[in-house]
Amino acid sequence: MDSKDAEIYRELRLKSLKENPEAFLTTYEIEEDKPIEKLRGNLIASDNRFTLGAFINSVLIGTVTFVRESNPKIVHKGNVYAMYVAPEFREKGIGKSLVQELIIKAKKCDGLEQINLTVISNNNAAKRLYETIGFVTYGTERNALKTECQYWDENLMVFRLN
């Protein structure tokens, strides 16, 4: 994906935040108010950051973002963000393909040793997906996310490249 995809990316991103607000750090309201120019900028790929999209008949149905750490002491790590596949296209291997392609591209980052992600602890389908690819849970953060009176725990997962 690149900056020309900003409008369709925003549409799917807002859908994801409405359907699964607990699964993301941001909120529908924040993303809805974000200027489209900011989204365009975020979609410009670099060696250390990129967003992948899954399309069917020119319709965006899934996305995932990779961001490498920039601090010198943690530059050996990267992170998976904003993983989402529209519900009507789940359980068809699309999410798995997106994450596998992310790993292939991320491996080209010189010195990258691991890819981290967080997943809501009760999202068993997502955890199984990540485990089939080779991610391993190394911890759980209790009350990692909170909206009003609701808390969600997150599993911390890692994929080691070497």
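From the square roots a ≥ b ≥ c of the eigenvalues of the alpha-carbon gyration tensor of region 56-148, which class results: rounded (a/c under 1.5), prolate (a/b over b/c), or oblate? The partial results should precede the final answer.
On the way: a/c = 1.78, a/b = 1.17, b/c = 1.51.
Since a/c reaches 1.5 but b/c is at least a/b, the shape of region 56-148 is classed as oblate.
Residues with beta-carbon under 9 Å from that of residue 152, excluding residue 152: net charge, scoring Lys, Arg +1 and Asp, Glu -1?
Numbers: positive: 146; negative: 22, 153, 154.
Counting the neighbours of residue 152, the net charge comes to -2.
Can you pull the percent of the chain's accessible area that's carbon plus sulfur, 1.4 Å probe, other chains left in place? Could the numbers behind the result be given before it?
Numbers: 4510 of 9370 Å².
Of all accessible area on the chain, carbon and sulfur atoms account for 48 percent.
So with the 1.4 Å probe, I'd like the accessible area per residue for region 41-141, rounded to whole Å².
Values: 5450 Å² over 101 residues.
So region 41-141 comes to 54 Å² accessible per residue, rounded to a whole number.
Count charges around residue 77 for me, please; just the other residues with Cβ under 9 Å from its Cβ, Lys/Arg as +1, Asp/Glu as -1. Please report the intermediate quantities before stating the final value.
Details: positive: 68; negative: 69, 113.
In short, -1.
What share of Cα pairs, in percent, lie more than 29 angstrom apart in the chain? Write down the numbers at each step before the final one.
On the way: 1990 of 13041 pairs.
Counting pairs separated by more than 29 Å, the tail of P(r) holds 15 percent.
So which lysines pass the test for residue 18, namely a Cα distance under 25 Å, with those fewer than 8 places away in the same chain ruled out?
Cross-link targets: 4, 34, 38, 92, 96, 127, 146.
Using mean Cβ contacts within 10 Å as the protection proxy, how do 35-46, 10-21 order, highest first? Working shown, then result.
Details: 35-46: 13.2, 10-21: 16.1.
So the peptides 35-46, 10-21, ranked by packing, come out 10-21, 35-46.
Could you list, bin by bin from short to long, the percent of Cα-Cα pairs of region 6-102 in 5 Å steps?
With 5 Å bins starting at 0, P(r) equals 2, 12, 22, 24, 21, 12, 5, 1, 0.
Within a Cβ distance under 10 Å of residue 24, other residues only, what is the Lys/Arg minus Asp/Glu net charge?
For residues surrounding residue 24, the net value is -1.
So for each of 132-143, 148-159, 110-121 I average, over its residues, the number of other beta carbons within 10 Å; can you give me the resulting order with the highest mean first? Don't jump to the answer; show the numbers that get you there.
On the way: 132-143: 12.8, 148-159: 15.0, 110-121: 16.7.
Peptide ranking by packing, descending: 110-121, 148-159, 132-143.
For the chain, what is the charge dipole size about the Cα centre, in debye to the nearest 20, if Lys and Arg each add +1 at the Cβ and Asp and Glu each add -1 at the Cβ? Each step should come with its number before you reach the end.
Values: 23 positive and 23 negative charges, 100 e Å.
Here the chain has a charge dipole of around 480 debye.
Cα gyration tensor of region 38-86, axes a ≥ b ≥ c as square roots of the eigenvalues: rounded (a/c below 1.5), prolate (a/b > b/c) or oblate?
Working: a/c = 3.23, a/b = 2.09, b/c = 1.54.
It is prolate, given that a/c is not under 1.5 and a/b is the larger ratio.
The values are calculated or read from the model by the stated rules, or taken from the named source; none is laboratory data. Note that the coordinates shown come from a computational prediction; the quantities given were computed from them, not determined experimentally. FYI the Cβ positions are ideal-geometry reconstructions off the backbone, even for glycines, and counts take in every protein chain you see. We work out accessible area using only protein heavy atoms, side chains counted, and drop any ligands, DNA or RNA first. Shrake-Rupley method; radii C 1.70, N 1.55, O 1.52, S 1.80 Å.
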